[in-house]
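Novice: One structure is given below, represented as structure tokens, and several questions about it will come after.
The values are calculated or read from the model by the stated rules, or taken from the named source; none is laboratory data. Note that the coordinates shown come from a computational prediction; the quantities given were computed from them, not determined experimentally. Quick reminder, even Gly has a Cβ in these numbers, built from the backbone with ideal geometry, and neighbours come from all protein chains shown. Note: accessible area is taken over every heavy atom of the protein model, side chains too, but ligands, DNA and RNA are not part of it. Shrake-Rupley method; radii C 1.70, N 1.55, O 1.52, S 1.80 Å.
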Amino acid sequence: MRQVDLTAEETSAIAGWSAESRRRAEEILSLYPEKRSAVMPLLYISMIENAYVTADGMRQVGVLTGLSPAQVQSVASFYTMYKREPVGKYLVGVCTSISCFLLGADDVLAAIEDESGVPDGETGSDGVLSVEHVECNGACGGAPVVLVNWEMIESVTPEKARELVKWLRDGQPEVANTEEMQQLFGGERSFDWGIKEPEGAILPVPAFGPYGSVGEDS
Amino acid sequence: MSERELVTITIDGVEMQGPAGEVLIKVAQDNGNFIPRFCWHPRMKSVGMCRMCLVEVQGPRGPMLLPSCTTRVNDGMEVDTQSAVVKKAQEGVLEYLLINHPLDCPVCDKGGECPLQDHTIAYGPGESRFVEEKRHYEKPIPISDLVLLDRERCILCARCTRFSEEISGDPLIEFKDRGNAVQVITFPDEPFSSYFSGNTVQICPVGALTAVPYRFKARPWDLEAVESVSMVDSVGSKVSVQSSQNTVVRIDGIDNDPTNQGWLSDKDRFIFESIHSEHRLTKPLIKEDGAFREATWGEALDLVGERLAGYTGESVAGLGGANNTNEEAFAFGKFLRTIVVTPHIDAQLDDGLDPHFLIGVTPRASIPDLETAATILLWAGDLKEEYPVLYLRVRRAAAELGANLIVVHPRRTGLDDVATHKIRYQPGRGPDVLREIAAGAGDYEDVKTALAGGPVVAIVGRTGLGEDPRLAEAVAAFARDLPGGKILPLARRGNIVGALDMGLAPTLLPGRVSESTAHDLLEAEWGPLPETRGRGSSGVLEGLRDGDLKALIMLGTDPVRDHADPEAAAAGLAAAEFVVALDHFHTDSTEMADVVLPVHGFGEVEGSVTNTEGRVQKVNRLVPGPGQTRPAWSVLDDLARRMGGDLGAVSAETLAKEIERVAPAYHGVTWDTLDWGSGREGLVLPVEDGVQHLEYIPVDDGLSSSTARYGLHLGRVLYDDGVRVRMSPSLAALAPEAYVFLNAEDAADLDLASDDQVVVEGEYGSVELPVAIDNSLGKGTVYVPANLSATRNLGAAVAVVLSKVESS
Ligand code: SF4
Ligand code: FES
Ligand code: FES
């Protein structure tokens, strides 16, 4: 890790961010010998700060990484996990790649769309749920797979999917946690011996240490 | 750079050699085998994006299909560019590229010179199996004031985006989205307002990027073209000037390895609009009762000849010649020295450097020396604003070739992001900074260490117009003693070095020789020359004002606008009894003349020019001048005859021959040597083994720093209010707004906030402008962009006083 001292320009660019996000940004920058390499994790932080990847967010990340806004936009628009429009509190993703498809993902997706009233690729008007189909999550053994804020639930049936939607809509849990959701809505898992994931997501960004996550060791 | 080891490869059965590690496509091309390509460009890094360049290379397990733009040659490599597999691959790539291409060649500017069109005909499948709906975009969208983008036509080769990142360093365009939706685009509110945007239009292999000034103007097969040299600045970038129906419609860059390497600034590229401006002077004008009236050439020349003949030679002066060819400048000098017989001659307006320094400094660096420099000391104006193409070369040296770059400037510059050291200082305090750097004291220890790594190239000029020109000489004197130290002095106007080489300074005679040493020799050729000491431009203007001088001849110069002291210049012209101007446009100065003679300009004249390295190149004629305009040399020749003399100028070429004969440094430089063979790259004088006739050893004459509270940085900007920019509508629109830039602390001291009005007053004038905060300025530095319509009255002072204008 190298020590980073933000310049005046960098500091003022992210002055509006929370203290926690600013700390995380510095930490991320310290991990890379070239500033521009930090563009992807920083985009998540900007998503946390601005609810989605906004023009301002891209500019802020540009200042931090020494990239032009057009270059940041190029990265942000390439990856579908960077949302460039507002997303609901819960981003529900249904895997529709081959394994999940063969085991009924389309029905799961249809059940979620029907129960939530939110079509694939859109966000409900109350801002609670966004629904999208996603590509393979590498959990084909537990197909079909549903993700809530990138927290995974395996072997989901259309009925369980409806329950999941209700649970999210009515209960609006603070944290989406794999273990809990798997218990409530999942079936068989791909690896029973898989590592336990104590962290959970609090925002529609993936729950890795530096981003929007809570849990034992965050 | 050490020469790379050569390896031998075989392409299509032909043995050839190339440097080890070079990409295959380049080695093939250098040996006359053209492999089709879209994304590869010889001046940019390979990316292997388009796959058009696939060839078969023999590998251990048989032939492999490889992109020749990313495959490096090694000894014994065997390549087949014509096999059935290669042909199939080429057909596949083209069929694929055309899936989404609109095939709107009949309405596309690129049609006729389009690599996609040409390659499709040469290597394409002839038919497509694609019957589905193509993708559609709104077309075209402006991505800047100068460039339009037809996204449908784009084949995603990334030449444009790579240029903007790799070469020009302003990555304002990039790909967006992915898959079928990928497109080149800017950030929503940040247009592609690069000084170099036109290059992307030139290198786009399809018609996706088009230039507003050229769009729908002509078809390539209707164009006539000549090679020439851009006279916008003194880098001497090689250009192709192209016309349709006797109208210049486009300028493209030509890859001349020592100078521009194919690139141009947008100013080089789009300034051609001024050639056919409706404001060009087309008829001789004579002032009567305070107003100009049109006259015939005969009448105007009779009048000028008669008036000039009425004065003693020494009461007449000549200014200008720095925007003309060497031949015109030479004719001007000969006219002044032998027909008028006056020593008062100056091509500069006290806005440049000492003429002896500018043309005679040794050891002089060439632009290619930047490629091998370990350290570059840049103490001059902001290259991006003043010498955009040189900026690209320095940028390359620092970013690609690893040179240490030390930038000394009052303000941020375009090169700061690739500089290893940035030193900012208050104008007027340069001498102290220089001494501190030389001593390596305190903060400057690192800088001194960097400067100890040679070879060092020092690029020196005036950072701003108010700066003492002797500072540049002091910097050169310092840099010359550094390991391998060489000096590249910069002065701005297009052919300033050429003009001085032609003797357009009181102390110089043609051929890079001083008046004192060459006087007698030239008299043997030309007859009696003036014996008294001549005045420089300030002395001329003073003399006119005080009545010591009576008449003035101006050749393409505008002292009222460009002299350090505009008021003094205007007073001089007003007091003169008789002023004649040879020019293309009315300027503040021609308005004060008694007779204005319209002359040919760029694109209309043939001749040679000499760039800031001392490189002589040829400019060529493509279109006739408008109306009754004539070449300046022939106007001067006619005047000479009316005054009972003769310049012997039958044509520009006869003048070139005379230069070759009487101007020592130009011995051996003929139009033929410049037009053919290696001379096409330009000949740097003195040519190899030649003698530097005027050897100037720079000295530091112990300048002292100014102690003023505020130092003015009057820095030039690319799109200023200069007459040719003003007369090029596409460029004129790009002139920046005028502000007084201050550091936040200074602004607070003066109780000024952004947009408050402030008066800046210097020795020669004052301006009132809104304030803008610029924290790249040190405390005490005040930056005002030079020569904008709102700033032109300020004059080139260093010490200034600021006062807030209280809003009523
Ligand atoms: S616009 Fe032209 S240069 Fe740029 S990527 Fe597309 S085809 Fe290539
Ligand atoms: S196909 Fe759904 S996780 Fe792999
Ligand atoms: S030219 Fe080689 S891949 Fe494009």
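Novice: To the nearest Å, what is the center-to-center distance of region A:123-193 and region B:396-435, using C-alpha atoms only?
Specialist: Using only Cα atoms, the two centres lie 57 Å from each other.
Novice: Additional query: Just read off the accessible area of B:GLU113 with the full protein assembly in place, 1.4 Å probe, to the nearest 10 Å².
Specialist: Its accessible surface works out to 60 Å², give or take rounding.
Novice: Please report Rg (one decimal) and Dmax (integer) in Å for the Cα set of region B:110-268.
Specialist: Spelled out, the Cα radius of gyration and Dmax of region B:110-268 are 16.6, 54 Å.
Novice: For A:62-73, what's the mean count of beta carbons from other chains sitting within 10 Å of each residue's beta carbon? Walk me through the numbers before you get to the answer.
Specialist: Details: counts 2, 0, 0, 0, 1, 3, 11, 8, 17, 9, 2, 9.
Average neighbour count from other chains, rounded to a whole number: 5.
Novice: Identify, among B:VAL605, B:GLY534, B:GLY198, the residue whose Cα sits farthest towards the positive end of the charge dipole of the protein assembly as shown, taking +1 on the Cβ of Lys and Arg and -1 on the Cβ of Asp and Glu, with the dipole about the Cα centre.
Specialist: B:VAL605
Novice: Leaving out ligands, DNA and RNA but keeping every protein chain, what accessible area does B:ILE35 have, in Å² rounded to the nearest 10, with a 1.4 Å probe?
Specialist: Its heavy atoms expose roughly 0 Å² to the probe.
Novice: Report, to one decimal in Å, the Kirkwood hydrodynamic radius for region B:710-804 based on all distinct Cα pairs. The partial results should precede the final answer.
Specialist: On the way: mean 1/r = 0.0744 Å⁻¹.
About 13.4 Å, per the Kirkwood formula over Cα pairs.
Novice: Shifting gears a bit: Please give the average number of partner chain Cβ atoms lying within 10 Å of the Cβ of each residue in B:171-177, rounded to a whole number. Before the final figure, lay out the partial values.
Specialist: Numbers: counts 6, 4, 4, 10, 7, 7, 6.
Per residue, the number of nearby Cβ atoms from other chains is 6 on average.
Novice: Also, quick follow-up: Where Lys and Arg each count +1 and Asp and Glu each count -1, what net charge lies around B:GLN183 among other residues with Cβ under 12 Å from its Cβ?
Specialist: On the way: positive: B:ARG135, B:LYS139, B:ARG151, B:ARG153, B:LYS176, B:ARG178; negative: B:GLU138, B:ASP150, B:GLU152, B:GLU174, B:ASP177.
Taking every other residue near B:GLN183 into account, the sum is +1.
Novice: Among the lysines, which have Cα under 28 Å from the Cα of A:LYS160 when same-chain residues fewer than 8 positions away are ignored?
Specialist: Within the straight-line limit of under 28 Å, A:LYS160 reaches these lysines: A:LYS83, A:LYS89, A:LYS196.
Novice: Run the numbers for B:ARG4 and B:ILE99: contour at 0.36 nm per residue of separation, minus the present Cα-Cα distance, in nm. Each step should come with its number before you reach the end.
Specialist: Values: separation 95, 0.36 × 95 = 34.20 nm, distance 4.19 nm.
Stretched out fully, the B:ARG4 to B:ILE99 stretch lengthens by 30.0 nm.
Novice: For the protein assembly as shown, what does the helix formula give at 222 nm: sum of -39500 (n - 2.57) over DSSP H segments with n ≥ 4, over the residue count, nearest 500 deg cm²/dmol? Provide the component values of the computation, followed by the final result.
Specialist: Values: 35 runs with 292 residues, N = 1026.
Calculated at 222 nm, the ellipticity per residue is -8000 deg cm²/dmol.
Novice: What are the ³J(HN,Hα) couplings of region B:617-630, residue after residue, when phi is run through the Karplus curve with 6.51, -1.76, 1.60 and θ = phi - 60°? Round to Hz, x for glycine and proline.
Specialist: Along region B:617-630, the couplings run 9, 9, 9, 10, 9, 10, 10, x, x, x, x, 9, 4, 9 Hz.
Novice: Largest first, what is the accessible-area ranking of B:MET49, B:MET727 with a 1.4 Å probe?
Specialist: Order by accessible area, largest first: B:MET49, B:MET727.
Novice: Most fluctuating residue of A:GLN182, A:GLN71, A:GLN60 in a GNM of chain A with Cα springs under 10 Å: which is it?
Specialist: A:GLN71
Novice: Arrange the peptides A:44-54, B:567-577 so that the one whose residues have, on average, the most other Cβ atoms within 10 Å appears first. It would help to have the intermediate numbers written out before the result.
Specialist: Working: A:44-54: 21.1, B:567-577: 19.5.
Those peptides, ordered most packed to least, come out A:44-54, B:567-577.
Novice: Within straight cross-link reach of B:LYS26, meaning Cα distance under 29 Å, which lysines are found once same-chain residues fewer than 8 apart are removed?
Specialist: Hits, sequence-local ones excluded: B:LYS45, B:LYS87, B:LYS88, B:LYS110, B:LYS238, B:LYS618.
Novice: With a 1.4 Å probe and all protein chains in place, put B:SER128, A:SER21 in order of accessible area, largest first. Walk me through the intermediate numbers first.
Specialist: On the way: B:SER128 65, A:SER21 5 Å².
My answer, sorted largest first, is B:SER128, A:SER21.
Novice: Moving to a separate point now. List the pair-distance distribution P(r) of region B:6-82, using every Cα-Cα distance, as the percent of pairs falling in each 10 Å bin from 0 up to the bin containing the longest distance, rounded to whole percents.
Specialist: Histogramming region B:6-82 at 10 Å steps yields 22, 58, 20, 0 percent.
Novice: For helix B:297-309, report the angle its Cα long axis makes with the longest principal axis of the Cα atoms of chain B; keep it between 0 and 90° and round to the nearest 10°.
Specialist: 50
Novice: Also, I was wondering about something else. Given the protein chains as shown and a 1.4 Å probe, how many square angstrom of B:GLU127 are accessible, to the nearest 10?
Specialist: So the heavy atoms of B:GLU127 present about 150 Å² to solvent.
Novice: Still on this model: With a cut-off of 8 Å between alpha carbons and a minimum separation of six or more residues, what is the relative contact order of region A:8-78 in percent? Each step should come with its number before you reach the end.
Specialist: Values: 65 pairs, mean separation 21.6, N = 71.
RCO, region A:8-78: 30 percent.
Novice: Counting partner chain Cβ atoms within 10 Å of every residue's Cβ in B:186-199, what's the average? Please report the intermediate quantities before stating the final value.
Specialist: Working: counts 4, 11, 5, 3, 7, 0, 1, 0, 0, 0, 0, 0, 0, 0.
What the average comes to for B:186-199 is 2.
Novice: On C-alpha positions alone, give me the angle between the axis of helix B:566-575 and the longest principal axis of chain B, in degrees, nearest 10.
Specialist: On a 0 to 90 degree scale, this one is about 50.
Novice: Suppose the Debye formula is applied to equal point scatterers at every Cα of region A:1-59; what is log10 I(q)/I(0) at q = 0.21, 0.28, 0.29 Å⁻¹?
Specialist: -0.79, -1.38, -1.44
Novice: Using only the Cα atoms of region B:372-473, build the gyration tensor, take square roots of its eigenvalues as a ≥ b ≥ c, and label the shape rounded, prolate or oblate: rounded if a/c is under 1.5, else prolate if a/b is larger than b/c, else oblate. All intermediate terms of the calculation are to be shown ahead of the outcome.
Specialist: Working: a/c = 1.76, a/b = 1.10, b/c = 1.60.
Oblate shape, in that a/c is at least 1.5 and b/c is the bigger or equal ratio.
Novice: Averaging sequence separations of C-alpha pairs under 8 Å and six or more residues apart, then dividing by the length of chain B, give the relative contact order as a whole percent.
Specialist: Working: 1870 pairs, mean separation 102.1, N = 808.
So the answer I get is 13 percent.
Novice: For chain B, just say rounded, prolate or oblate: build the C-alpha gyration tensor, square-root its eigenvalues into a ≥ b ≥ c, call rounded for a/c under 1.5, and beyond that prolate if a/b exceeds b/c, oblate if not. It would help to have the intermediate numbers written out before the result.
Specialist: Details: a/c = 1.63, a/b = 1.47, b/c = 1.11.
Prolate, because a/c is 1.5 or more and a/b exceeds b/c.
Novice: Once both axes come from the Cα atoms, what is the angle between helix B:537-546 and the longest principal axis of chain B, in degrees from 0 to 90, rounded to 10?
Specialist: The two axes meet at around 30 degrees.
Novice: Does anything in region B:407-432 have its amide N under 13 Å from the 7 Å Cα→Cβ label point of A:ALA8, and if so which residues?
Specialist: What the label zone holds, given the 13 Å backbone N cut-off, is B:412.
Novice: Next question. Rounded to the nearest 0.05, what FRET efficiency do B:ARG709 and A:SER37 give with R0 = 45 Å and r taken as the Cβ-Cβ distance? Could you check? Show your work: numbers first, answer last.
Specialist: On the way: r = 45 Å, r/R0 = 1.00.
Result of the calculation: an efficiency of 0.50.
Novice: Across 10 Å bins from 0, what is the distribution of all Cα-Cα pair distances for the protein assembly as shown, in whole percents?
Specialist: The distribution over the protein assembly as shown is 2, 10, 16, 20, 19, 14, 9, 5, 3, 1, 0, 0, given as percents.
Novice: Under 5 Å between amide H atoms, partner at least 5 residues away or on a different chain: which partners does B:LEU685 have, H built in plane at 1.01 Å?
Specialist: Placed amide hydrogens put B:ARG615, B:VAL616 under 5 Å from B:LEU685.
Novice: Counting only DSSP beta bridges with both residues in region B:710-804, tell me the antiparallel percent, nearest 5. If you can, show how the numbers build up before the last one.
Specialist: Working: 12 of 20 bridges.
The antiparallel proportion sits near 60 percent.
Novice: Another question, if that's okay. Where Lys and Arg each count +1 and Asp and Glu each count -1, what net charge lies around A:ARG22 among other residues with Cβ under 11 Å from its Cβ? Before the final figure, lay out the partial values.
Specialist: Details: positive: A:ARG23, A:ARG24; negative: A:GLU10, A:GLU20, A:GLU26, A:GLU27, A:GLU49.
Once all neighbours under 11 Å are counted, the net charge is -3.
Novice: Give me the net charge for the shell around A:ALA70: Cβ to Cβ below 12 angstrom, other residues only, Lys and Arg +1, Asp and Glu -1.
Specialist: Working: positive: A:ARG59, B:LYS176; negative: B:GLU165, B:ASP170, B:GLU174, B:ASP189, B:GLU190.
Net of charged neighbours comes to -3.
Novice: Still on this structure, I have one more. Hey, got a sec? Which chymotrypsin sites (Phe, Trp or Tyr not before Pro) in region B:210-285 land in a DSSP loop and have at most 13 other Cβ atoms within 10 Å?
Specialist: Numbers: sites: B:TYR214, B:PHE216, B:TRP221, B:TRP263, B:PHE270, B:PHE272; in loops: B:TYR214, B:PHE216, B:TRP263.
Sparse-neighbourhood loop chymotrypsin sites (Phe, Trp or Tyr not before Pro): B:PHE216.
Novice: If you don't mind, another one. Put A:LEU147, B:LEU482, B:LEU6 in order of accessible area, largest first, 1.4 Å probe: what do you get? Working shown, then result.
Specialist: Numbers: A:LEU147 5, B:LEU482 25, B:LEU6 100 Å².
Descending order: B:LEU6, B:LEU482, A:LEU147.
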